[in-house]
Each structure stands twice: as structure tokens, then as C-alpha cells.
Amino acid sequence: MFAKRLSLLSGFLGAAAGWCLVASPSGAEEISVSCLSFPKKAPTSIELLVGPGKTIPIILQSHTLTEPVKVPRLQSWRFGKSGTNAAGEFAFKTYGQVKPGAARNQLLVIVVKGSSPAAGLNILSLDGSQKSFGPSQMLFVNLAREQVAGLVGGKQFRLNTGKHTIIKPQADRGNNLCFASLKYKRATKWRTFFSTNWPTLQNARGLVFLYNDPRSQSVKMHSVVDSLVRVPVPEP
């Protein structure tokens, strides 16, 4: 299958503890970055360290991708909060970090591990270009404890905890509709938790998070549709 390892288990760079001083190379290549966070929460702001003593604000939001921002390609991108150390010098407390991918257009999926970003962030870097993740394609990220399997538009996949896949469903239920079924495995039994006809996304791409409901512990789904029809921002 197309499953790739989501760094929730071993590939993620963990959040660095404490406050640390940093430096970055000059003349770094600029990368376009958009972000989407999980779980569903009200938008909140953190910072991305982009150079010595320099940060930019990043909004964590779960309902839609952020507008792209240009950032330098560093050895790692650190997200957190700036402040000063005991000597009064600039320092940065890292909530989470990720090594940039090779693409010049990247999509960062940011998973908040606790009640606030300060509890730690797990970050997945994806090629955000339409060539790699474009119209009609869907990203599935399994954050549940159980193994999950899906049949969507004739495409089958199976995901262990901490893995993801990108598929391109085909319309198999009439014009612009496809059959979608999702199951999770608990003990030795597979249980269907989602089954319906889904619209295929002609000018958009889908991002689907599979997770355990905090109360019932059943597997739930959170989906976001990212329109690829960009509306120019009016000049002020």
C-alpha cells in the first residue's frame, strides 16, 4: 500500500525540553509552508523560530489550512514560545520540531499532544504541491490506537497506529460520488464505523484524521476539505 510512517511513534522529533539558544545559517532557501492542526480546538498562536532571535507567528487551526508563509529552510523547524533566559538573552522554548522535507511547498500536520501546545507537538511534513497531493486526492492519518482499514472509491488501504496514506478515489457511485467504508480492528474483530457515499473532490483535496473519542474510546473521524481554487487576497 501507499502507507508511510507518521512519526508519532519513532520518526517524529520529540519536543525539546527547557529553553535553548539557537543559531541558523544565513542565505537559507525559502520554503512555502501551510499548517493544519489536530485535534479540533479553537485557533491559537505559537511561534516558529526562523533565525537567531527571530520568530514568526503560526496559527494552529483545525478547520482549514493556514495561508502559506515563506520560511527559511533550516536543519529543523522549531515551534514553541520565545522568551529570555536568566541572563536576559533571547531564548526559545521548543514545543515540537520537524526536519523540513525536500519540497519547496510543504504542508505541516501538527498534532497537539495535550490540552495546550506547551504539552508538546508531533509534526508531520508532507509535500504540499499539487503534483504530490492534488485535486481529488485524500490524506488519511491514523491517530487511533487500533488498526484502521478503508475502501474509498475503489481504493483499499490499511493503516497501523501512527501511519498515513494518500489515495485518489474514483467515482464509482455515479457522477462525482464514491462509496466510502472505514473499519477498525479491536481484538480480532473488524467493526465498521463509517459507511456512506462521498463526493469526489474535483477542485479540492481532503485530509482525514482517525482518532479515539476521549469519552467513548470509539474510533471517530475528523475531515477537512482544502479547496485548490485560490482566491487572491485583495491589496490593502
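The values are calculated or read from the model by the stated rules, or taken from the named source; none is laboratory data. What you see is a predicted model, and the numbers here were worked out from it, not measured in a lab. Every residue, glycine as well, gets a Cβ built from its backbone with ideal geometry; the counts of neighbours run over all protein chains shown.
Ser216 passes every criterion in (1) in a strand (DSSP E or B); (2) surrounded by fewer than 20 Cβ atoms within 10 Å (Cβ to Cβ); (3) hydroxyl-bearing (Ser, Thr, Tyr) apart from (1).
Can you name the residue in region 164-195 that is among the polar types (S, T, N, Q) and at pLDDT 95 or above and is also nearest to Gly206 (Cα to Cα) among such residues? The extreme case among them is Thr165. Within region 56-73, is even one residue charged (D, E, K, R), buried (at least 18 other Cβ atoms within 10 Å of the Cβ) and outside the structural domain of His164 (by TED's automatic domain parsing)? No: region 56-73 contains no residue that is charged (D, E, K, R), buried (at least 18 other Cβ atoms within 10 Å of the Cβ) and outside the structural domain of His164 (by TED's automatic domain parsing).
Scanning region 85-128 for residues that are more than 15 Å from the chain's Cα centre (by Cα) and within 17 Å of Leu143 (Cβ to Cβ) yields Gly114, Ser115, Ala119. Test Leu201 against the criterion of being surrounded by 18 or more Cβ atoms within 10 Å (Cβ to Cβ) and in contact with a Leu (Cβ under 7 Å, 6 or more places away or on another chain), and give yes or no. So Leu201 does not fit the description; no. Counting only strands (runs of 3 or more DSSP E) that sit completely within region 129-199, those holding 3 or more residues that are within 20 Å of the chain's Cα centre (by Cα) and of a type outside the set (Asp, Glu) correspond to 138-142, 147-152, 155-159, 163-167.
The set of residues in region 90-124 that are surrounded by fewer than 17 Cβ atoms within 10 Å (Cβ to Cβ) and closer than 12 Å to Trp77 by Cα contains only Lys99.
Val229 meets the conditions (1) more than 27 Å from Tyr95 (Cα to Cα); (2) touching a Leu at 6+ places or on another chain (Cβ under 7 Å) in every case but one. The failed one is (2).
Taking into account only those residues within region 219-230 that are of a type in the set (A, V, I, L, M, F, W, C) and touching a residue at least 60 places away in the same chain (Cβ under 8 Å), which is surrounded by the fewest Cβ atoms within 10 Å (Cβ to Cβ)?
So, considering only residues that are of a type in the set (A, V, I, L, M, F, W, C) and touching a residue at least 60 places away in the same chain (Cβ under 8 Å), the one surrounded by the fewest Cβ atoms within 10 Å (Cβ to Cβ) is Leu228.
Figure legend. Inter-residue proximity from region 37-65: first residues closer than 19 Å to Tyr211 by Cβ, second residues surrounded by fewer than 17 Cβ atoms within 10 Å (Cβ to Cβ) and of a type in the set (Lys, Arg), beta-carbon distance below 7 Å, spacing 6+ or different chains. Indicated pairs: Ser62/Lys40; Ser62/Lys41. The criterion of at least 1 residues that are polar (S, T, N, Q) is met by the following strands (runs of 3 or more DSSP E) wholly inside region 33-119: 44-51, 54-60, 77-84, 90-98, 105-112. Suppose we keep only residues that are among the aliphatic types (A, V, I, L, M) and modelled with pLDDT of 90 or more within region 215-236. Which one would you say is farthest from Glu146 (Cα to Cα)? Applying the filter and picking the extreme gives Leu228.
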